[in-house]
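What follows is calculated from the coordinates using simple rules that are stated; it is not laboratory data. Note that the structure is a prediction, hence the values are computed from the model and not measured. Quick reminder, even Gly has a Cβ in these numbers, built from the backbone with ideal geometry, and neighbours come from all protein chains shown.
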Amino acid sequence: MNSFVDIRHPERIYETEPLPAWTYLNAELLELEYERVILPSWQFVCHQNQVKEAGDFATLDLWRDSIIVMRGKDGTLRAFQNACRHRGSKLLDGEGTCKHRITCPYHAWSYQLDGRLAAVPSEKTFPNLDKTQLGLKELELEVFCGLVFVRVMGSGPSIAEQWGDLAKELAPYRIEEMVPAPSVEEGGVQISEEWACNWKVALDNYLDNYHVPFGHPGLHRLMDNQLSCTINGHGVSFSKSVIRERESHAWSERAYQRLAPKAFDYLPEDVRQTWVFGFMPVNIGFDVFPDSMDIFQILPKGPTKSVIRTPLFVRPDTRREAKVMQFLANRINVQIGHEDKELCERVQAGLSSYNYQPGPLSEYEMPVKDMHARIRAACPIVTQKERPMDGTLRRQNVKLLADAQPEYRNCAIAAIA
Ligand code: FES
Ligand SMILES: [Fe+2]
């Protein structure tokens, strides 16, 4: 199979087989994917309504990297590497507010809210110190639908460019108005969980609607789920699910079906009864409901371990029916999350079987095929059926990239577009 060359012909991408089993089990490949696929892609940090005032910040821990999003005194949102310029200490954790400066917990170097180095204790002991060169490393930031994303490495299309016309599907849900749901401590929902699977197992699962009728019986009773997705040239995909007229026998699903058409009469009628499942490469799902939305972000933690981050945002509507809708949607979605975790962990268990190779993919798994093609373009070593010998993977990948078409030599995940 020479799928890497076929990538110049997008129509042929989908003829390829799924990624081989070893690619879901290999620590060296994960390092390469992190560098070539994850770091050059947009990562979700927070909602703009979490960082409204000067000094408000949120952080994202992204395996080897950590990111700060900070609102400056000038009202501008900026993103920084969460690492002190002195000896590298992580500066901030979680989210909160810095009154005036970011102060390092180690030797107390302090930074302005716009990242400039402000003060260094015992400054005279650093000969020729040029503070202007030692500000926090700034990263690329984009706000899309009120959601704040950061790109650590490389360049490429903006989020708005990647979504293109498909952004129109999200607009009527007014995500930018939403606010964070109460935290676990406040009696709210858990927004991060560890799954015992490779990040691509969770990714494939998110991109696959084929499993919905059997894998998610509650969702299938509640919704008429579109099994085939719309997908654009940047790998952004979405599908819609519409509330069924036939009522579910489960009380929470039935209550949601009855309430949905009338609960948010200020939204367009079709929006009130439609859930949208969007996806943006490389690891960001958008689960959008009339009452709330969550981001489904798949972060690697090891070759067979992932952190699934699902921050939830709700419509700022204090009416009882809005609260009931949010409660019901969350109850239904927590169950879907349990089901997906179990499905993914079972796939991971099977993938390690002796001499196992995954089988063909359905038309309903088109976004999975697309993502596999993108990963092949960035890391052509995954086109090999057999696991490379330990210690050789990176070298072999460099050789394959050198043999490839020039446009793919430095490709980030969006290169296929
Ligand atoms: S590591 Fe931050 S002040 Fe030393
Ligand atoms: Fe699922």
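Would any residue of the range 79-113 have its amide N under 18 Å from a label point 7 Å out along Cα→Cβ of Asp130? List them or say none. Backbone N within reach: 85-86.
Cα centroids of the range 43-98 and the range 219-287: 32 Å apart. A run of the chain free of exposed loop cleavage sites, with GluC sites (Glu not before Pro) counted only in DSSP states other than H, G, I, E and B and at most 14 other beta carbons within 10 Å, reaches its longest extent at 248-385. Projecting the Cα atoms of Pro388, Thr318, Thr59 onto the charge dipole of the chain, computed from C-beta unit charges around the Cα centre, puts Thr59 farthest toward the positive end.
What is the extension gain from Glu269 to Lys52, computed as 0.36 nm multiplied by their sequence separation minus the C-alpha to C-alpha distance, in nm to one decimal? All intermediate terms of the calculation are to be shown ahead of the outcome.
On the way: separation 217, 0.36 × 217 = 78.12 nm, distance 3.10 nm.
Using 0.36 nm per residue and subtracting the Cα-Cα distance, I get 75.0 nm.
Convex hull volume of the C-alpha atoms in the chain, normalised per residue: 158 Å³. So what's the back-of-envelope 222 nm ellipticity for the chain, counting only DSSP H runs of four-plus at -39500 (n - 2.57) apiece and dividing by all residues, rounded to 500? For the chain, the value works out to -8000 deg cm²/dmol. Here is the P(r) of the range 31-77: all C-alpha pair distances, binned every 10 Å from 0, give 26, 42, 24, 8 in whole percents.
May I ask you to sort His216, His211 by Cβ crowding, counting other Cβ atoms within 10 Å and putting the fewest first?
Details: His216 20, His211 16.
Least crowded to most crowded, the residues run His211, His216.
Charging the Cβ of each Asp and Glu at -1 and of each Lys and Arg at +1, and nothing else, the dipole of the chain about its Cα centre rounds to 920 debye. Projecting label points 7 angstrom from Cα along Cα→Cβ for Glu123 and Val242 puts them 6.6 nm apart.
For a footprinting-style exposure proxy, rank Arg331, Arg64 by other Cβ within 10 Å, fewest first.
Details: Arg331 17, Arg64 12.
Fewest-to-most Cβ neighbours within 10 Å comes out as Arg64, Arg331.
Using the 2.2 N^0.38 Å rule of thumb for compact globular proteins, work out how the range 43-143 stacks up: its C-alpha Rg over that value, please.
On the way: Rg = 13.3 Å, N = 101, 2.2 N^0.38 = 12.7 Å.
In units of the 2.2 N^0.38 Å rule of thumb, it is 1.04.
Greater than 23 Å separation of Cα atoms is the criterion. Which listed pairs, Lys137/Lys399; Lys73/Lys137; Lys52/Lys168; Lys305/Lys399; Lys137/Lys168, meet it? Beyond 23 Å between Cα atoms: Lys137/Lys399; Lys52/Lys168; Lys305/Lys399; Lys137/Lys168. Taking every Cα-Cα distance in the range 260-370 and sorting them into 5 Å bins from zero, the calculated P(r) comes out as 2, 9, 15, 19, 18, 13, 10, 7, 4, 2, 1, 0 percent.
Hey, got the dipole for the range 130-269? About the Cα centre, +1 on K and R Cβ, -1 on D and E Cβ, debye to the nearest 20? All intermediate terms of the calculation are to be shown ahead of the outcome.
Working: 13 positive and 21 negative charges, 73 e Å.
The calculated dipole for the range 130-269 is roughly 340 debye.
Ranking Gln133, Val152, Gly115 by how far each Cα lies toward the positive end of the dipole of the range 73-154 (charges on Cβ) leaves Gln133 at the top. Selection among Ala255, Met366, Thr103 by position relative to the dipole of the chain gives Thr103 as farthest towards the positive end (Cβ unit charges, Cα centre). Pairs spanning more than 23 Å between alpha-carbon atoms, out of Lys90/Lys341; Lys341/Lys385; Lys200/Lys369: Lys90/Lys341; Lys341/Lys385.
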